[in-house]
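These notes are about the structure you will find just below.
We did not get these values from a lab; they are worked out from the coordinates using the rules stated. All values reported here derive from a predicted model rather than from experimental measurement. Cβ coordinates were reconstructed from backbone atoms using ideal geometry, including for glycine residues, and neighbour counts include every protein chain displayed.
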Amino acid sequence: MWRSSFIACLLVVPTCRDVRGQVQPPTTPINPLPGEQLVRFYGTLGSYGEAYSIRGQQPRRPGQTGRLYFRPTLSIWQIDLPFEFVLSTEGRSAQQPFNQFGVNPTIAWATLHAGHHHISFSEFTVNSLLQFGGGFDLRPGVFRLSVTAGRTQQSINADSGQGRYYGTFRRHLYGMKLGIGREDGSLIDLNVVRAKDDVSSLSLPGSAKPQENMVVGLAGTLRMFENMVTFSSELAVSAHTPNILNEELNVNLPSFVSKVFTPRIGTRIGYAGKGSLQFIRGPLVFNGRYMRVNPGFTSFGLPSFQNDREEIDLSPVVRLLENRLTVGTTIGFRRDNLAGNKLATTKRVLQSYFVNTTPIDQLSLDVRYSNFTMKNNSASDTSRYDNVSHSLNVSPTVRVKWIDLQHVITTTIGGQKFNDRNRVYGGLNSYTTYSGSIMWTVAFPSSLVISPRASYTMNDRTTTDTKIVSLGLAAQYSFFDRSLTPSLSFTTTRNNLGIATDKQLVGTLNMSYRVTAFDNVALSARVSSYTYGNGRAHNFVESMVNLQYNRSF
């Protein structure tokens, strides 16, 4: 049964603008045009309901889920006020927090942020970070100014009973972008970001230590020769203190630096830089990129970021014969241990090549080959990596019309060979895989579409061989001038593991009905039955049904 109460949450959508901003100078007159609406109210509203059940195993999701959403936008002349309201049964059981709210009004070249909003300055300073606070973006002409301040991390006490031995301090972040230029042209930006944990926000920190971080970066883009050449780069330096309770260092710093960041015992300085070049001339497109991130570089404005890496990528693509033939390659190099203080250095080399051709309208062919090598120089045989992977895929597609029916036949034949050259366990990890698939789609004049398909995969290892055979059939038909479009599909799979054979049967039903020009209803249902060979585990039947309604106004 549905839960008797909903958890109310208020969300705000940044209307496709983040702190970098895409706002251009106004192109409309200051005064409203004759007949122009000064006030408009538009948006979407809808509901979503889901029922889930499983028999034979533990459930993997809630039995029932429900949501009501309302996304209005109030536009007063040149000011847009977008909102989003959500009622949900998921509440705190969801990974993403539902208790969010905010507003992002826009007028001409100015955007304000209040409440929850995502901020992005650059790749090395702050990027796609959710913040609760306030800020603004100003884009008058070629000038660029963004300021943000607020909380990016909530406090959570340590709880050893729950296996949480590290608490999380409340963290505040402040940032500024100052630049000149336009997104679709040349530009240069100075970005400054500072983040600091609130020491008093936790009563039970556990093993967690309050931290402080500051990043200063310079990013720019230069477009030349009518966008034939584009060069982009960024340089950034970071200062990170893993424990702000440590003793301060007696360091002579400029007064404007010491006012915002205090160096202490354990403070680390890191550097990061990148550069990319794009060249477009006729049929040739060339992309090159270089990146180097020092092991000590840290930015709390990046939700996930890996330091201690150097990367080089080269990617030329050529289109010939009026785009009927495309040939391209990508060559990449990766390595870590830039400071030389690790026991081993890992290097990765990637090579990929592809050819895509359409010699005639009825036939196209895609061929792709890749080679990936990874190795390190560890002195220990058990921790040494030395492997190489080759893969080749050939995919021809045939399109013909026969007896008033449109036929599309797509096939793919591929193979992969992984060779682990470790002297201890390499023979157990090496394998060879062969695969093939075919799908035949037939479109009838009556809007009926039928698609039978089949696939076969064989994995050859030293210890065992695995064979997977799959057969499927899908059908779709439209009713009432294509207002109602149901589709149905069935797939059966046999997985031969050598010691046993598993079987799976999956059926799906999807239906969409356009009630009016503004209303749409969608239904989706899926049932899966899995049978384990040799009784290795409990067989199970899993089903899920969801119904969604959406209205635009």
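Quick look at the numbers
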item: Packing-based ranking, highest mean first, of 234-241, 526-533, 357-364 given that Cβ atoms within 10 Å are counted; result: 234-241, 526-533, 357-364
item: The stretch 110-204: chymotrypsin sites (Phe, Trp or Tyr not before Pro) in DSSP loop, at most 13 other beta carbons within 10 Å; result: TYR165
item: Taking the convex hull of Cα positions in the stretch 202-320, its mean projected area over all directions (nm²); result: 10.9 nm²
item: Span per principal axis, largest first, for the Cα atoms of the stretch 426-492 (Å); result: 60, 17, 16
item: Candidate aspartates and glutamates - alpha carbon under 14 Å from LYS177, same-chain residues fewer than 8 apart omitted; result: ASP18, GLU123, ASP137, ASP189, GLU234
item: Separation between Cα centres of the stretch 331-406 and the stretch 287-302, rounded to whole Å; result: 24 Å
item: Cβ-based net charge around ARG171, under 10 Å, with every Lys or Arg adding one and every Asp or Glu removing one; result: 0
item: Förster radius 41 Å - calculated FRET efficiency between LEU428 and VAL394, Cβ distance, rounded to 0.05; result: 0.85
item: Compactness relative to 2.2 N^0.38 Å, alpha carbon Rg of the stretch 456-553; result: 1.52
item: Around THR531: net Lys/Arg minus Asp/Glu count, Cβ-Cβ under 15 Å; result: +2
item: Summed residue charge, Cβ within 14 Å of ALA339's Cβ, Lys/Arg positive, Asp/Glu negative; result: +2
item: Cα gyration tensor shape for the stretch 155-240, rounded if a/c is under 1.5, else prolate or oblate; result: prolate
item: Where the Cα pairs of the stretch 392-507 fall when distances are cut into 10 Å bins, in %; result: 12, 29, 28, 17, 9, 3, 0
item: Straight-distance crosslink candidates among lysines, where the alpha carbon sits under 17 Å from LYS342 and sequence neighbours closer than 8 are dropped; result: LYS375
item: For the chain: rounded, prolate or oblate by the Cα gyration tensor [a/c cutoff 1.5]; result: rounded
item: Taking all pairs of distinct alpha-carbon atoms in the stretch 258-405, Kirkwood radius in angstrom; result: 19.5 Å
item: Interchain or long-range residues, amide H under 5 Å from SER299's placed H; result: none
item: Hits among lysines - C-alpha to C-alpha of LYS503 under 18 Å, sequence gap 8 or more where chains match; result: LYS467
item: Cα centre as origin, Lys/Arg/Asp/Glu Cβ charges: the chain dipole, Debye; result: 760 debye
item: Relative packing of peptides 503-513, 379-389 - highest average C-beta neighbours within 10 Å first; result: 503-513, 379-389
item: nm² value of the averaged projected area, convex hull over the Cα atoms of the stretch 135-278; result: 11.6 nm²
item: Of the trypsin sites (Lys or Arg not before Pro) in the stretch 213-265, those whose Cβ has at most 11 other Cβ within 10 Å and which sit in DSSP loop; result: LYS259
